[in-house]
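Notes to accompany the following structure.
Please treat every number below as a calculation from the coordinates, not as lab data. Being a predicted model, the structure only gives us computed values, none of them experimental. Ideal geometry is used to build each Cβ from the backbone, glycine not excepted, and the neighbour counts take in all protein chains shown.
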Amino acid sequence: MNPKVLKEELIQEIRVMPVKDLKTVADFVDFIREKELEEEILNNKGLIRSVKKSQKAWKSGKISEFVAWEELKKKYKI
């Protein structure tokens, strides 16, 4: 099916959907976005290496070598 047509059909369905069902759709969209983010993180070998290195630095007390998660997300554009 054409993605543009599918999108328009979904938008039309959402416009007439009861509020209860809208909440379910919103929850499902959130779930899909979270799964996409998880996949992106797990498939990024550089990010995984950086996280492990940062964890090791923290455990060793080398706080100056620790890199916060927010900084890693910026570095790897997540």
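Odds and ends about this structure:
- Ordered from longest to shortest, the equivalent ellipsoid semi-axes for the chain are 41, 14, 9 Å, each the square root of 5 times a Cα gyration tensor eigenvalue.
- Too-long pairs where the Cα-Cα distance tops 32 Å, listed order kept, from LYS35/LYS56; LYS23/LYS59; LYS23/LYS56: LYS23/LYS59; LYS23/LYS56
- Estimated inter-spin distance, GLU9 and ARG33, nm [label 7 Å along Cα→Cβ]: 2.5
- Residue-averaged 222 nm ellipticity for the chain, from DSSP H runs of 4+ at -39500 (n - 2.57), nearest 500: -25000 deg cm²/dmol
- Anisotropy class of segment 1-43 from Cα gyration tensor, a/c 1.5 cut: oblate
- Excluding same-chain neighbours fewer than eight residues apart, the lysines reachable from LYS53 by a Cα-Cα span under 24 Å are LYS45, LYS62, LYS73, LYS74, LYS75, LYS77.
- Axis angle, to the nearest 10 degrees, between helix 45-59 and the longest C-alpha principal axis of the chain: 50 degrees.
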